[in-house]
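The values are calculated or read from the model by the stated rules, or taken from the named source; none is laboratory data. These numbers were taken from a predicted model, which means no experiment stands behind them. Positions of Cβ are generated from backbone atoms using ideal geometry, with glycine treated the same way; all protein chains shown enter the neighbour counts. Ligands, DNA and RNA are excluded from the accessible area calculation, which covers all protein heavy atoms including side chains. Shrake-Rupley method; radii C 1.70, N 1.55, O 1.52, S 1.80 Å.
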Amino acid sequence: MNHSTNTGHELEVIFTPDAIADRLGELAREIAGSGLDSLLVVAVLKGSFVFAADLIRALHAVGLAPEVDFMTLSSYRKAQISSGQVTILRDMDLDVKGRNVLIVDDVLDSGRTLAFAKDLLSARGANVIKTCVLLDKQAKRAVNLEPDFWAFQCPDTFVVGYGMDVAHRYRELPFVGRVRE
Ligand code: IMP
Ligand code: MG
C-alpha cells in the first residue's frame, strides 16, 4: 500500500493504523503481565509521543494506571545515521528514585539512546527499569541492549509517521511508512 504526500514523497505503508492498534493491545497485556506495580512511564521525545499516548491508553484498558513523564533526548543524527553522542535537551520532572520505570521510545536502532536513558535513570536510583519500543531495528545495534517489550520488528530502513519524522515532517501520519528512494 502506498501513500503520496503533498510534499512529493512516496511512502510505502509498513504498519497500518489497525495493525498498530491490535499490537498495542497485546503489548499492554504483556506489560501488565510483567507485574510492575506503581509504574512510571518515561516517554523519550520527540519521536515516541504518539506511541506513548496510545500505549498509556492501552495500559489503562488492561487495568494499569501509570504515571507519565517526558524527557527529550538528542542523538545527533545526521543523514539518518546515529553519531553516538546522546544529550539531554529537556529533562523529566519526576523523581525516579525507587520507582519502577518503563522507558518508551519509538525506534531502537544503534541502542545508544535507550542505553543512555537507562544509565541515567539507574544512576538516579530507579528501582526496576524496563524498556519498550514501537520498532526494534536489530541490524545496526552498537551496544548490548535488547528491549524488554517491542511492538514490531522493523527492517533496516528509515521510517516516518506515527510520531516519527524526517526533517520535522510526517509525524502526523496515522501509519508507519518508509520513504521510497
Ligand atoms: P539509536 O540511539 O541509534 O538507537 O536511535 C534511536 C533514535 O533514533 C530513536 O529515538 C529515533 O528517534 C531515531 N530513529 C532511529 N531510526 C529512525 C527512523 O527510521 N525514523 C525516525 N527516527 C529514527
Ligand atoms: Mg527518538
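Just checking, does region 86-96 include any residue being open to solvent by 40 Å² or more (accessible area, probe 1.4 Å), of a type in the set (A, V, I, L, M) and away from ligand 1 (no atom under 16 Å from the Cβ)? So far as region 86-96 goes, yes, one or more of its residues are open to solvent by 40 Å² or more (accessible area, probe 1.4 Å), of a type in the set (A, V, I, L, M) and away from ligand 1 (no atom under 16 Å from the Cβ).
Looking across region 22-47, the residues that are small (Gly, Ala, Ser) and closer than 19 Å to residue 63 by Cβ come down to 25, 28, 32, 33, 34, 35, 38. If I filter region 97-113 for residues that are away from ligand 2 (no atom under 16 Å from the Cβ), of a type in the set (Asp, Glu) and either touching a Leu at 6+ places or on another chain (Cβ under 9 Å) or not in a strand (DSSP E or B) (or both), do I get at least one hit? Checked region 97-113: no residue is away from ligand 2 (no atom under 16 Å from the Cβ), of a type in the set (Asp, Glu) and either touching a Leu at 6+ places or on another chain (Cβ under 9 Å) or not in a strand (DSSP E or B) (or both). I'd like to check something: does region 38-51 contain any residue that is free of Cβ contacts under 8 Å to residues at least 60 places away in the same chain and within 16 Å of ligand 2 (Cβ to nearest atom)? Taking every residue of region 38-51 in turn, at least one turns out to be free of Cβ contacts under 8 Å to residues at least 60 places away in the same chain and within 16 Å of ligand 2 (Cβ to nearest atom). Across region 62-90, the qualifying residues are those that are touching a Ser or Thr at 6+ places or on another chain (Cβ under 6 Å) and assigned to a loop (DSSP other than H, G, I, E, B), and the one among them that is modelled with the lowest pLDDT is 76. Among the residues of region 139-151, is any within 16 Å of ligand 2 (Cβ to nearest atom), more than 27 Å from residue 180 (Cβ to Cβ), at pLDDT 95 or above and open to solvent by less than 10 Å² (accessible area, probe 1.4 Å)? No: zero hits.
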